[in-house]
Structure formats: structure tokens, C-alpha cells
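Written out below as C-alpha cells is the structure these notes cover.
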Amino acid sequence: MQHKCNLITSSVLRGFQILLSIIVLGLSVTLFKNYNTQPPIPDLSKAPMILPLGAAIGSLSLIAAVFCLAIAWTNFLREYIEMLVDVVIVVVNVVGGMILALKLRGLKCGDNSDENRLGTSFDYPYNGGLANSDLLNGGCARFGSVWYCANTTPERLNLLNLRCKQSQADSAFMFLTAVVLFGTLTLTYLRFKKSL
């Protein structure tokens, strides 16, 4: 009975992992897809690698959750495989969350002031502003002696704050996925100890 209760609790946590993975995947794909929605400008810089990596982390976490949920209800080496997959997914989510958190360190996503968005100089490289982050600026290119960033035009400045909040949420959900996985790892380990 206790083994069945552990398995059911673990399955509920897997459900949370599936939900969080879908959120991470959705946020990461949105951030990547909407990185630069300006008309194509040939020399505009590409999206930072963490954006497609975030989508890969969400996908991998989702696949691992479904796989571990299915394997938990079988008898073939289930605890070994579950724990191995969970450890890998925990590491991937923590690393991805840390990279995003470090890239957003010190940024004020809720401040809509021009100084917060464009920094102290109001010009490239927008030191101290949201536009200085390659996650948020939509890509930058140099035309002659003038630099242009996609999300620094007056009508697109609000995208800096929006992308900042989405990136923070993406990082937070990666960490939440890792926390849920610690719970499932603990339950799997307890189930493994009882089966010995």
C-alpha cells in the first residue's frame, strides 16, 4: 500500500513536471520566435544561444517526464532509469535557469522609464539599460557609423520590458522544474530502498 501511495505521489509530481516543461518550452519558443520581428535586416545579430537552448531544455524535460511516468509503472529497472534521467534533467534545468538568471542580473523588468530601458547614454551600447542585453534588444547592427537595435525604436521600447519579464519567468520555471524533480528523485530513491 505504501509503495502504491509513493508511486501515485510520484506520478502527480511527474504531472507537475510535464506542466512546467510545457511552460518552459512555450516561453522559450516565444522568446526565440519573437526575437526580432522587424522586417529582415541583413546584418542584424542573431538570437543568443540560450533562447533555442531553453526550448531544448523544455522539450527534453517534457520527454523525460513522460518517459519516467511510463517507466515508473513497469518493473524493468525502473528506479535506476528514473533516477538517472531525473539527475540529468535536474542538471540541465539548473544550468539553463542559471544562464538566464545571470544574463538578467541587475535588470529591472518592471521599470518603464527611458533611462532603465535605454541606459544612461540613450545610445548604443545602452550601458545600464535593458537594451544592453542581447536577450532583450532584438538584435543590433551597424549601418555606417550608426548602430541600430530592433527593440529600441519608440514604438518597440515596451518589448524590452516584456521580453525581460518573459525571460525571468522562463528562468523561474526551469528552477521550479528542478525543485519538482528533487521531489520525484526523493520518492524514487525511497521506493528503490524498499525494493532492495
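Can you give me the number of residues within region 137-154 that are open to solvent by less than 60 Å² (accessible area, probe 1.4 Å) and β-branched (Val, Ile, Thr)?
So the first thing to find is which residues in region 137-154 are open to solvent by less than 60 Å² (accessible area, probe 1.4 Å), and the list is 137-141, 148-153.
Narrowing the set further to residues that are β-branched (Val, Ile, Thr) leaves 152-153.
Qualifying residue count for the region: 2.
Annotation: of all residues in region 179-192 being touching a residue at least 12 places away in the same chain (Cβ under 8 Å) and surrounded by fewer than 18 Cβ atoms within 10 Å (Cβ to Cβ), the one that is nearest to TYR35 (Cα to Cα) is PHE182.
Please verify whether region 127-136 includes one or more residues that are closer than 22 Å to ALA150 by Cβ, part of a loop (DSSP other than H, G, I, E, B), in contact (Cβ under 8 Å) with a residue 60 or more places away in the chain and open to solvent by less than 40 Å² (accessible area, probe 1.4 Å). So far as region 127-136 goes, yes, one or more of its residues are closer than 22 Å to ALA150 by Cβ, part of a loop (DSSP other than H, G, I, E, B), in contact (Cβ under 8 Å) with a residue 60 or more places away in the chain and open to solvent by less than 40 Å² (accessible area, probe 1.4 Å). Applying the condition of being open to solvent by 80 Å² or more (accessible area, probe 1.4 Å) and either at pLDDT 85 or above or in contact with a Lys or Arg (Cβ under 9 Å, 6 or more places away or on another chain) (or both) to region 38-59 and asking which residue is farthest from GLY97 (Cα to Cα) yields ASP43.
Within region 99-126, being assigned to a helix (DSSP H, G or I) and either surrounded by fewer than 13 Cβ atoms within 10 Å (Cβ to Cβ) or without any contact (Cβ under 8 Å) to a residue 24 or more places away in the chain (or both) holds for LEU102, ASP114, GLU115, ASN116.
I'm told LEU136 meets every condition in (1) under 24 Å from the mean Cα position of the chain (by Cα); (2) farther than 18 Å from GLY106 by Cβ except one. Can you identify the failing condition by its number? The failed condition is (2). Taken over region 155-178, the criterion of being over 18 Å from the mean Cα position of the chain (by Cα), farther than 19 Å from PRO125 by Cβ and either free of Cβ contacts under 8 Å to residues at least 12 places away in the same chain or open to solvent by less than 50 Å² (accessible area, probe 1.4 Å) (or both) is satisfied by GLU155 alone.
The values are calculated or read from the model by the stated rules, or taken from the named source; none is laboratory data. Because the structure is a prediction, the values reported are computed rather than measured. Note that each Cβ is placed from the backbone with ideal geometry, even for glycine, and that neighbours are counted across all protein chains shown. Accessible surface is based on the protein model in full, side chains and every heavy atom, while ligands, DNA and RNA are left aside. Shrake-Rupley method; radii C 1.70, N 1.55, O 1.52, S 1.80 Å.
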